[in-house]
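Engineer: Quick one: the structure is below, and I'll ask about it shortly.
The values are calculated or read from the model by the stated rules, or taken from the named source; none is laboratory data. As the structure is a prediction and not an experimental result, all values here were calculated from the model. Counting neighbours? That spans all protein chains shown, and the Cβs are built from the backbone with ideal geometry, glycine included.
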């Protein structure tokens, strides 16, 4: 690491301040001489205390004069030179101690104390001088007593100086003392005044930040390039902020900005933009990490000092952690509020939920705004704006993308860049639907795997063998997702509906009739993730735990607009009974809660059941599509048998699909098991799959359900 370039203007100012300090020291020595401070063992001064010294201390009268008038002319000349240097360098801000004085509004005495501590670091001669003046050669740092003797002209000034060293003062809390210094032995007047490493580094170089600050703090500087703000709400916030900032003038330092909204909608990005426009750096503090700090109070003071030093803005994000009612949280929140009340820089609070400022913070200039997730219309505009200069294939409809993927502005931008990178690796360099879908999925990080299993859809409409009525219902459900940007966005229904914007479906039918396959077909058609949830595993015997699990599932699904496929719905949804005891009442509460979450969810949610009769009419009315999967007739069973064999599978010519469909009364799931088992039998014999393999596998499959395949049913294939 290279050393910073020396700042000649800074050192010229410090040299003049050292001369100024020397004049004060000479005045104090002259006062001591006037008092007759003559010790017989002068070479041991500060090591031992003689009887003569004790008597002199007890009998000494206050000096007749502090000799200020003798040194007035020299001090005035020195201070005039300092003022000239100050005026010359103030605009450039190249003298760190002046920047500190300005940032913390230090008065003359406080500035003198700060430089008194710095002098020891600039020239070691002051260690000896301070040891001599303090009658203690082991003391190499100034003390409050020495500072008051040097810079206080009257008793009134001395009394006022006491407040400068109070524990919550600017000097004591932010600039000089460390936490350990405050608890030492000896009188308060004799405590050493020291600069901590951060203040020393700043006063000597004014470069970089505080190396002791944790990595979960990050600066956003005005000269950093930012992705542009997009969306009507962002532009509206920017206009409100600029008007308020300009109107407030000097009072803008008292601004308290509060942005709240869902995760990932760009709240911090807006904070960066707002303060970059007024050339202010922003320190982002992760409140979730801050609240866990062991030395919480000290860390808060350290953070506030850093923001103050750099004339920045404090941004506390994830602030919702301070809004709980836990005992420790309430205590630490109050400590934080107490510190913020005396903080003199702008503050930004970013959280998921709304917050109202308490105590003196409520007197700040208040700007609050909800940052909502972009709706279909805004998302479409984001896609159209972001795709400028990129080559899209003709199959892509940005309106469909806007309705399908509920991404925020930043995620859409990153998805476009990622899709473009993937396209650049292809021969024609054109962005396809597959590129965009993969890029969109990369932006959506959720935790659905805790309660759900991700399915990889492999089936298409050609694989789905169902009556036309059921196929029509499934296609209509897909269209409701595909064209939601038109109906909810362009046609305005989204502004009219408060809930029920998603698609809820109920798949009812016997096992193996294609309910899971249909869910996969829908997911593949829409290009969305599909998660299968076993409701029997979600339900808990503990009160409130089932609702908690369901809330987690829908909250995480909302991030990626995933399709939720609730299997084994009979575990929760039975015929809602008359309440006879607390268990019945609680079961109905769980059912009602899931219905509510399905209506609130703007994605696709599917319930699968084997027993439609267990669902009452009131529930069914609240479902968008009820698809009844019948046990397949022979015609459909024959199609299913034929479709089960991949093109690469070797088959014997004796396979009679019509016979299998008419004689074996099994649904699609069972047919799949038979074909797969027969194929393994054939592979073990090194032969193509034949009718004998299928009959053997069918017998085994029927045995699992307690059914027998009689010889008369098999006819000519009975002995195979």
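Engineer: In the stretch 616-652, what residues are within 51 Å of the chain's Cα centre (by Cα), free of Cβ contacts under 8 Å to residues at least 60 places away in the same chain, surrounded by 15 or more Cβ atoms within 10 Å (Cβ to Cβ) and within 15 Å of residue 671 (Cβ to Cβ)?
Structural biologist: Selection gives 644, 645.
Engineer: Any idea which of (1) touching a residue at least 40 places away in the same chain (Cβ under 8 Å); (2) more than 15 Å from residue 561 (Cβ to Cβ); (3) not in a loop (DSSP other than H, G, I, E, B) is the one residue 504 doesn't satisfy?
Structural biologist: That leaves (2) as the condition not met.
Engineer: If you don't mind, there's one more thing I want to ask. Looking at (1) part of a helix (DSSP H, G or I); (2) free of Cβ contacts under 8 Å to residues at least 60 places away in the same chain, which one does residue 271 not meet, given that it meets all the others?
Structural biologist: (2)
Engineer: Search the stretch 386-410 for residues being assigned to a helix (DSSP H, G or I) and either in the same structural domain as residue 342 (by TED's automatic domain parsing) or modelled with pLDDT of 85 or more (or both), and hand back the single one that is surrounded by the most Cβ atoms within 10 Å (Cβ to Cβ).
Structural biologist: 402
Engineer: Let me ask you something else. Name the residue that is nearest to the chain's Cα centre (by Cα), counting only residues in the stretch 531-562 that are assigned to a loop (DSSP other than H, G, I, E, B) and touching a residue at least 12 places away in the same chain (Cβ under 8 Å).
Structural biologist: The extreme case among them is 561.
Engineer: Do we have residue 603 as assigned by TED's automatic domain parsing to the domain that holds residue 690 and closer than 30 Å to residue 560 by Cβ here?
Structural biologist: In short, no.
Engineer: Something else now. Please return the ranges of helices (runs of 4 or more DSSP H) entirely within the stretch 27-108 where 1 or more residues are at pLDDT 60 or above and in contact with a helix residue (DSSP H, G or I) (Cβ under 9 Å, 6 or more places away or on another chain).
Structural biologist: 68-90, 96-104
Engineer: Looking only at the stretch 348-362, decide whether some residue is at pLDDT 90 or above, closer than 23 Å to residue 278 by Cβ and not in a strand (DSSP E or B).
Structural biologist: no
Engineer: Tell me whether the stretch 222-240 contains one or more residues that are outside the structural domain of residue 386 (by TED's automatic domain parsing), more than 29 Å from residue 417 (Cβ to Cβ), touching a residue at least 12 places away in the same chain (Cβ under 8 Å) and outside any loop (DSSP other than H, G, I, E, B).
Structural biologist: Yes: one or more hits.
Engineer: Does residue 377 satisfy being in a helix (DSSP H, G or I), closer than 20 Å to residue 237 by Cα and either at pLDDT below 85 or in the same structural domain as residue 258 (by TED's automatic domain parsing) (or both)?
Structural biologist: yes
Engineer: On to the next question. For the stretch 320-340, state whether one or more residues are in a loop (DSSP other than H, G, I, E, B) and at pLDDT 90 or above.
Structural biologist: no
Engineer: Quick check: is even one residue across the stretch 219-229 surrounded by 13 or more Cβ atoms within 10 Å (Cβ to Cβ) and at pLDDT below 85?
Structural biologist: Yes, there is a match, as at least one residue in the stretch 219-229 is surrounded by 13 or more Cβ atoms within 10 Å (Cβ to Cβ) and at pLDDT below 85.
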